[in-house]
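Values quoted throughout were computed directly from the atomic coordinates according to the rules given, and no laboratory measurement underlies them. Source: prediction; values computed, not measured. Cβ coordinates were reconstructed from backbone atoms using ideal geometry, including for glycine residues, and neighbour counts include every protein chain displayed.
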Amino acid sequence: MSKTSRETILTRLRGAVQRDGEEASARATVEARLQTHGRGTIPARGKLERKGLMELFAAQATAVDATVARVAALDDVPAAVADYLRGENLPTSLRLAPDPKLDACSWDKAPMLEIAWGKAETEDMVTVTGAFAGIAETGTLMLASGPESPTTLNFLPDTHIVVLRANEMVGAYEDAWDRLRATGRMPRTVNFVTGPSRSGDIEQTLHLGAHGPRRLHVILVGDDG
């Protein structure tokens, strides 16, 4: 549909509902609302200092069957990934997100890992990605799609390992959205992931891995301060 045709149709619709004279006022009202509306109630447990947020995130994520490891720096991530895979008796081959944050890790320190980069393929059993934010109040990961974070990496594998830096931790969902808006760009897809995939639809019995990874492992990077 051409722009001219579209505008013609919209003009007729506005006239039909008698809003021609009200349009400017309605738009101004909406803009004012967007600029001045107050925030919703934020749970007190999300209003913590960085150390408290890190501890709360770890506790909440563990409560929903994710696992959490702590490391001091990005250079420690490869060894933490290798330790996790060895402890779970999982393959050492993995698909890594083409994320500059992950490229900064010293992967040569874990030569036993077989690494491929890019979007996930159906045969990939393990993927490693970053996250845009961690939401402490519920132990949730905010995953924003983009060239450095293909969405397939979050859902195709049996095991999803997520690297989350301390400065990416926020208290509440509202804080995560604020952080995303501050970037000035909105990704095509935003996913919120809390624990491994699960379903209780069949006889109310919980099954992990129903619609995505059956294991979610989060590596928290950085100090508590």
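Just a few scattered comments:
- Between Asp108 and Glu123, the modelled label-to-label distance comes to 2.8 nm, taking each label 7 Å out from Cα in the direction of the beta carbon.
- Note that the range 125-139 has calculated 3J(HN,Hα) couplings of 9, 9, 10, 10, 9, x, 9, 6, 7, x, 10, 5, 4, 10, x Hz, one per residue in order, obtained from phi through the Karplus relation 6.51 cos²θ - 1.76 cosθ + 1.60 (θ = phi - 60°); glycine and proline are x.
- The long axis of helix 23-36 is offset from the longest Cα principal axis of the chain by roughly 30 degrees.
- Label-to-label distance, Arg50 versus Arg214, with points set 7 angstrom from Cα along the beta-carbon direction: 3.8 nm.
- Protection proxy ranking, peptides 157-167, 46-56, average beta carbon neighbours within 10 Å, highest first: 157-167, 46-56
- For the range 21-132, the relative contact order comes to 22 percent (Cα pairs under 8 Å, sequence separation of at least 6).
- Extending 7 Å from the Cα toward the beta-carbon at both Val64 and Asn167 defines two label points whose distance is 2.7 nm.
- Charging the Cβ of each Asp and Glu at -1 and of each Lys and Arg at +1, and nothing else, the dipole of the chain about its Cα centre rounds to 920 debye.
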